[in-house]
Every structure is written in C-alpha cells, then in structure tokens.
Amino acid sequence: MTLLRVEGLTRRFGGVVAVDDVSFTVGAGEIVGLIGPNGAGKTTVINLLTGLLRPSSGQIEFNGARLDSLTPHRIARAGVARTYQNIRLFRGLSALDNVIVGTHLRTRASFAARLAFAPAVRREEAEARETARALLARVNLGQREAARATSLPYGEQRRLEIARALAAQPELLLLDEPAAGMNPAEMDVLIALIRSLRDEGQTILLIEHNMQVVMGVCDRIVVLNFGRKIAEGTPAEISRDKDVITAYLGEEE
Amino acid sequence: MFGESVRQLMAINALLALSIYLTLACGQLSLANAAFMGIGAYLGAVLTLNAGWPFWAVIVAAVIVPMLVAVLVGLPSLRLRGVFLAIATLGLGEVLRVVIVNLRATGGAEGISSIPVKTHDWHLALALAVALYLTWRLRGSRMGYAFEAIREDETVARTMGINTTRYKLIAFVLSAALAGLAGVLKAHLFRAITPGDYGFVQAVDILTFAVVGGSASFLGPALGAVLLTALPELLRSNVLRDVVNFEAGWQTLFLNGVILLLVILFLPNGLVSLFTRQWRRPTPLASEPATVEAT
Amino acid sequence: MPDINWSQQLLNGLFAGSAYALFAVGYTLIFGVLDILNLAHQAIYMLGAFCALVLVTGNVAGLGPLPGGMQLPFWLATLLAMLVAGLLGILLDRLAFAPLRKRPDTHFSGMISSIAVALIFEALATWLFLPQRSQFPAGTIRPGAVTLGQGALSYSRVLVIVAALVLVVLLTVLLRFTKLGKAIRAVAENPKAARLLGINVEAIYSFSFFLSSALGGAAGIFYGLAVSRLDPTMGRSVELKGLAVIILGGMGSVPGAVLGGYLLGLTEVLSVALTNTSNYRDAIAFVLLFLILVLRPSGLLGARRVREA
C-alpha cells in the first residue's frame, strides 16, 4: 500500500530550481532512502513534505489526501514527523521534556481541566511521561532524562531528536541526515535503531549522505542531483547505476 | 514596613508582571499590556461613574473587553516575529491614547478623577492569587509545554503538530485579561486616571519587572514587580535618608536604568536566578526569528 | 471642503517631514547594519540638543555656568554637539549592545538594554538640564520667515528642512561612494563575509553608531531650535513616530526612512487641514505602522528583508 505519493514536485527560489519535477512513492512499512550530493535538493524535499515550504507546483499525497496546501501543524497531525539536519532540539529543556513536547499530538487534556485538578489530566500527564521515558530508553538514553538537551554528546542529540519525533507516533518518519557528524560507534547504534523501527513496521524516509547507513537499512533508494531525480531502485541497483556514480564522483572533484 | 498604598501598588504591578509573563512564556515580546490595562481602567471608570454598574460586573467587563480587543489585534499581528511584534503592540498603545483623548466619556486629556474607591485589599489578594495559580498551573501542562516549545523554536513546534497561532493567541488573550484586571483595580484604588498613564513608559515599566525578576518562571516577574515597586520607598525610608538623600525624581529613573542594564548584562535570567540553581536556561527572552534552511 | 492655505500646508508638511526624516535615517542605519532596534536613539537626540544649548549659552542649567564663560556661535556648537552625540553613540554601543552580540536572543536583550541606557541618559539630563522646558536664546538664529505663495515658514524651521536635505545627501554619498560606506554596506549585508574580506567589523559597528548618533543629535538640535522647546523627554514622542517612519520605509533602508518621514509629515498636516482638527493626527503614524506591518511587512522600499516565516 502506498503511504506517500509525490508527483511532479517542483520548488523554485527566484531563478533557481531547487527541486525539479520529482516523483516517488513510499509504501507503508518501507524504508526509502533519499540521497544525492550536497545541494541536490534533499532537505528542500523534506521542507516541502512538512509544509515549511510551499511547492511551486506538483502534488503531495499522504494516505490518499493532499498535503501540499496544509500548514505544518496539520501535516504533523496527519501523521508526519521529522528530525532536522542541523539538530533543532529545544535547547533549554531536559531530554525528557523534549520528548514530552513530542507527545502533544497524542494528548488531549485542556488547561481548564488542569486548573481544576481533574484526575483524567493527571492520568494523561503520567502516561505521557511514561511514554517519553520508554522512548528515551528505546533510543538508549534512559539514563539521560534529566540532562539538558544541548549538554548531550552529538550522537545522543541525534537520537533524542528521533525519540521526540517518535513520541507523536507518526505514520511516516522523516529523518534528515541522522548520521551526520557521528563516529562509527554512534553510527552502529543508529543503524540498529532504524532496523528495529523497521521491524515494528515504521515507515521511514531517510535522507542520508553516509552510504554505509543508506545501504544498510533502505529497502529502496531515490537519488537526486541538481534537484532532479536521476535514479531509483534497490540498494544493489543504485550502487551499480552509472549516473549515480558519475554524480557522486563529480562532486568529489 | 511599607505604607498601604505601596503594598497595594506592589500587588497591581505583580499582576501586570504576570500578564507580560504569559506572553513571554510563549516567546512573544508583546508590549500591549499597558494598553490593555488602559482599556480596563477606562472602561471600568466609565461603567462605574456613568452607568452605575456594580463593582463585580465592572471587573468582569474590564477583563472581558481587553480579551476581545486582544483577539482582534492578535489575529493579524501575532504572525509578526521578533521585535516587530513589540513595535506593532507599542503602536496599539499610542492609538488607544489618541482615542481616549478624543472620546467625550473619557474626559479627554485631563482624564477622569474622583473615581470612587471600590478596590479593597481582598480584591487585590484574590486577583493576585488567581493570577499566580494560573501561571503556576501552566508549567507542566500540555499548553505549558506547547508554550515552551514555541518559545524555544517556533518552526520546530509547528512541525510537531502544535498549532502555534492558537497558542500564541491564547497567551495574548490571557495576558490582556490580567492587564485589564490590573487596570480596573488600580483605577478604583488611586481614583484618577489620565490617557498618558498607559503609554510607552508604563509598557517599559512592565517589561522591566519581568526582565529584572527573570522570565524563566512565573515567580521572577512577580518578584521583580515587588522589588522595583519597593525600591523608591526603600530609598526614601528613614534608614537611608541619613546616608543618601534620595528624592524620587531623576535618581529613581537613573537607578531603574542601572538595575535594568546590570540585570540584562550580567543576570540574563533575572534576579530569581540568584535563588534557584537552574541549568534550564539561558532562556531566550522571546523566540528569535528562525529561517528555514534551503537545500 | 474647508478653505485651505495649500502653500502653508505644504511648508508645514515639509518641515514636519524633514524633522522625521532626519531622526529616522540614523535610527534605520543601525537597524540596517546591526539588525537591532536602538531605543536609546531618542535619548541621544535629546542629549545632542542640550549639548548644543550648553555650548551656545555657556551654562548648564542644573550646575551653573561653564568655566571660562565660553559661548560659541550656533554653527560651531552644532558641529561640536554632533561630535559629542556621535561619541555618546559609541559609548552606547559599548555599554548596551557589544556585550550582548553573541547572545542567542541578542535582538531582544539589545533592545531592552538600549531602553535601560535611555533611562539612564534621561535621568542624567533631568539632573543636569532640569526637567522643565529650556530653549535656545532669542537671536540664536535670525528671526524672520521665508514666504511661499500665501505661506510662511520661520527661518529656524527652514533650517530643519535645509539641514535634513544636506545631511541626508551627505550620508547617501558616504554610503554609496566611499570605501567606508561600502564597508558599512558589506557588514550590513553579511558580517561574516565582510570579516573574511578583511573588514574590521567591530570598527564598522562603532562607526555606524557614531554616524547614526551624530545625525540623531543634529535632528534634536535643529528641531529643538525650531520649536523652541528642549526637555529631557523631548525624544519620547519622536521615538515612536520614528519607528513608524522606518517601518513605513522598510527597516534598514535610508531612502525608505526619508520617504517615510516626508510621507508621514505630509499626511499628518493634510489630515489636520482636511478634518480641521488635530485630534487624530498622532494616531495616523500608528495606524500606518500597524497596516504596513500586517500588510507589507518589508515596508515600502525594504523588499530584501523577511521578518516573518
């Protein structure tokens, strides 16, 4: 079943076409990699998918409904959560509080009820806290609950961002270069985490530079270069694709 | 140790400080509090003097009308980020002043004097208790977390499903309610109001309470309001009179400026951070505009 | 339609517009270069005016005559007072803005610290120059008026128009055609890139404050002379209108500030003439400000900036 369908997606900035007529799909339970050299338009695609940018043209369909004219919070409510390439945790909050904010979409309690000390509110808050604790444990940050988010080492901040996104129980998780800046040990933890998410049926669109991560976890890969899709296929097919090899070698020169 | 009127003024100013705390907690630097206070004060005075409403009804009206104005003003202006919201809300205060000067019922530039004294200490205590309760229960609530998220990073908050427009408007409207309440209580306490009481100077005073006290928790602004209200009295007290001869005049202004400067430079979390060991910050005073990275 | 003396209205509008423009160019310059709102600009405006007054009269109202009883001609006093105002601007930057530059919330904390410095300046002025109204002595400038059609404008008011014209042209030439001006514009565009190009960014900040404050001081001097009124709070009313002017023109845009100044001045005068009452004149600035912020946040000429997501 197709969860996400992107059709002819285009975004221009002034005269520059950052994303040019890109189409792809992500099936439920799939892990799709979105790769390409720097400046290929990957993050722009994520910003378009989450509503931070409006497409110049094209369509985004999620669960059969159009997403491309919705505001970011409605898109999130529809079931899309994301992380950021340049980690954007809530700097002043603890690790646990960051994840609790993530449960926003899964809680209901009104402030009026809280003013009245309604038992239902207390229950819900306790549940949200437990969910957040479980997620922190899930990403191996169980011991870090009280730590200030930005005091964590880099790799842990990346995983904390994933936990925060997961707290919304999204149908589609968008990971924007989760391995960037990680050392090999941190990367192994990340790969294990993504695999365990796949085993639970979590759908993921993964933007990544690191080929070890991409090849290790993706079912399918979409390659962008200069805003255009130049290839799509299984990891094995992509690693043999001539255009892809040229694009990457071209970048290293 | 303080005279009655100083204690009453402390309570009023604490209300105002909590009013601006609500918007700061949500990352919005709004300077409209003085204007909302003015609406509450003038509406209250007119209803008491010209319409003869009972005091409780006057208070209700002076809380609700600023909230309605806040909805009307907030919907278009809360899209603005950073200092632009501050500027737009300052403009609101100036427009209000001109309107008040030109309405017949509000007594023009001379304002209204001889408002009957109707505010008693229990009114002030109750109002302050309600405001403190409201702000205390905010922390840790679903809405409180949403406020913090918006204050820290509005863009991220939106992509996490938080309806930022809605929460900013709620903060703005609740803030208007407290300011209106402070305005009506003060008008029925000190009896005279003029259009000039609710302009830039008052707006800056309110902001100063929050900044000096520290806006990371609701206790900071309340503390700031109490201290800064007491300060001129302390300086004039008999104890100090022998040491320095302070007349409330340019010295108070000078001291306010120096304290504000020292706090913003050396105690970015306000005086309250002297008493709590909080790693939770430095808290941004309000959310800075963030841009979406493009590639 | 009331019987309107159009040439008089035009002169009044030009006078008001020039005063606004002169205040606003310095205000907007700091916003353009540092992206911060300097709410102490009005205090410098006020101190500049008093400084010139002291040099002309040789007397500090709160303390007494200057030693030596020196009294300078107005033009020399103006130049010296602009210099002092400029130096005060550098002091202001060092005191209120420089220590906060690296803070994540530098825009807000900077705005608040500039309020703090404004309070301090105003308090000092109240002590030194006394709270009541002061004015330049009669004869500081030749009495008399320029006439245009049926309108007349006193020399002191014409001086505001001429000074605004001259100073704005000088500022534009400096920004457009000199090396220093190019450096300022480079820093305004992108401080990091400017630093890589070898520009001393901190020095440019200091110089921008000097320039902005010298202009602000001049605005205070000429306006104070024209309306025969100097007092420690004289900057407050112009500050908020100045904000409206620079928002109108597009924050950071010098030509925008000039355009905004004249637009506001003429609109105000026109509204008074047409409605036959000045009751709502002071609201115009803020209604305009609000509309511009909500409808076209980049201002009339400031297309470059984006201030909302």
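Based on the Cβ-Cβ distance of residue C:229 and residue B:114, what FRET efficiency does E = 1/(1 + (r/R0)^6) give at R0 = 25 Å, to the nearest 0.05?
On the way: r = 32 Å, r/R0 = 1.28.
Once the sixth-power term is evaluated, E becomes 0.20.
If you scale each eigenvalue of the Cα gyration tensor by 5 and take the root, what three semi-axes come out for segment B:122-257, rounded to whole angstrom and sorted largest first?
Details: eigenvalues 229, 64, 44 Å².
Over the Cα atoms of segment B:122-257, the ellipsoid semi-axes are 34, 18, 15 Å.
Order these peptides, C:23-35, C:40-52, by their mean beta-carbon neighbour count within 10 angstrom, highest first.
Working: C:23-35: 27.2, C:40-52: 29.6.
Final packing ranking: C:40-52, C:23-35.
Restricting attention to the alpha-carbon atoms of segment B:45-196, what are Rg (one decimal) and Dmax (integer), both in Å?
17.7, 53
Can you tell me how much longer the chain between residue C:87 and residue C:75 gets when fully stretched, taken as 0.36 nm per residue apart minus their C-alpha distance, in nm with one decimal?
Details: separation 12, 0.36 × 12 = 4.32 nm, distance 1.87 nm.
Extra length available between residue C:87 and residue C:75 comes to 2.5 nm.
Which order do the peptides B:87-93, A:107-113 come out in when sorted by mean C-beta neighbours inside 10 angstrom, highest first?
Numbers: B:87-93: 25.6, A:107-113: 14.7.
Put in order of decreasing packing, that is B:87-93, A:107-113.
Apply the a/c threshold of 1.5 to the C-alpha gyration tensor of chain C and tell me whether it is rounded, prolate or oblate. Walk me through the numbers before you get to the answer.
Working: a/c = 1.68, a/b = 1.14, b/c = 1.47.
Here chain C falls in the oblate category.
By how many nm would the segment from residue B:165 to residue B:105 lengthen if fully extended, with 0.36 nm per residue of separation less the alpha-carbon distance?
Values: separation 60, 0.36 × 60 = 21.60 nm, distance 3.54 nm.
Length difference between fully extended and current span is 18.1 nm.
In nm, to one decimal, how far is the modelled label at residue B:75 from the one at residue A:1, with both set 7 Å along Cα→Cβ?
3.9 nm
If the chain between residue C:94 and residue C:237 were fully stretched, how many nm would it gain, using 0.36 nm times the residue separation less the Cα-Cα distance? Could you put the intermediate results ahead of the total?
On the way: separation 143, 0.36 × 143 = 51.48 nm, distance 2.57 nm.
Here the answer is 48.9 nm.
Output the relative contact order of chain C, whole-number percent, from Cα pairs under 8 angstrom with separation of 6+ residues. Before the final figure, lay out each step's value.
Working: 516 pairs, mean separation 107.9, N = 309.
Normalised by residue count, the contact order of chain C is 35 percent.
Enumerate the residues in segment A:37-68 having an amide nitrogen under 17 Å from the point lying 7 Å beyond the Cα of residue A:243 toward its Cβ.
Taking a point 7 Å out along Cα→Cβ of residue A:243, the residues of segment A:37-68 whose backbone N falls under 17 Å are A:37-38, A:40-42.
If you average 1/r across every pair of different Cα atoms in chain A and take the reciprocal, what Kirkwood value do you get, in Å?
Working: mean 1/r = 0.0527 Å⁻¹.
Taking the inverse mean of 1/r over all distinct Cα pairs, chain A comes out at 19.0 Å.
Mind giving me the nanometre distance, one decimal, between the label points for residue C:185 and residue A:234, set 7 Å out from Cα along Cα→Cβ?
The two pseudo-label positions are separated by 5.9 nm.
For segment C:11-18, just list the computed ³J(HN,Hα) in residue order, Karplus coefficients 6.51, -1.76 and 1.60, θ = phi - 60°, integers in Hz, with x standing in for Gly and Pro.
4, 4, x, 5, 4, 4, x, 5
Can you give the FRET efficiency to the nearest 0.05 for residue A:151 and residue A:56, using r as the Cβ-Cβ distance and R₀ = 35 Å? The partial results should precede the final answer.
Values: r = 41 Å, r/R0 = 1.16.
It comes to 0.30.
With N set to the residue count of chain B, report its C-alpha Rg divided by 2.2 N^0.38 Å to two decimal places.
Working: Rg = 19.1 Å, N = 295, 2.2 N^0.38 = 19.1 Å.
So chain B has a normalised radius of gyration of 1.00.
Just tell me how shielded B:261-273 is by partners: mean number of partner chain Cβ atoms within 10 Å of each residue's Cβ, no decimals. Intermediate results must be reported in sequence, preceding the final value.
On the way: counts 11, 2, 3, 13, 7, 1, 0, 4, 0, 0, 0, 0, 0.
Mean partner shielding for this stretch: 3.
Taking a ≥ b ≥ c as the square roots of the Cα gyration tensor eigenvalues, with a/c under 1.5 meaning rounded and otherwise prolate when a/b beats b/c, else oblate, which class fits the protein assembly as shown? Show your work: numbers first, answer last.
Values: a/c = 2.08, a/b = 1.50, b/c = 1.38.
It comes out prolate by the Cα gyration axes.
If you count, for each residue, the other Cβ atoms within 10 Å and average over each peptide, how do C:234-240, A:125-131 line up from highest to lowest?
Working: C:234-240: 21.7, A:125-131: 15.7.
The most tightly packed comes first, giving C:234-240, A:125-131.
Any read-out appearing in this document is the output of simple, stated calculations on the displayed coordinates, not a laboratory observation. Bear in mind the structure is a predicted one, so any value in this text is a computation, not a measurement. Every residue, glycine as well, gets a Cβ built from its backbone with ideal geometry; the counts of neighbours run over all protein chains shown.
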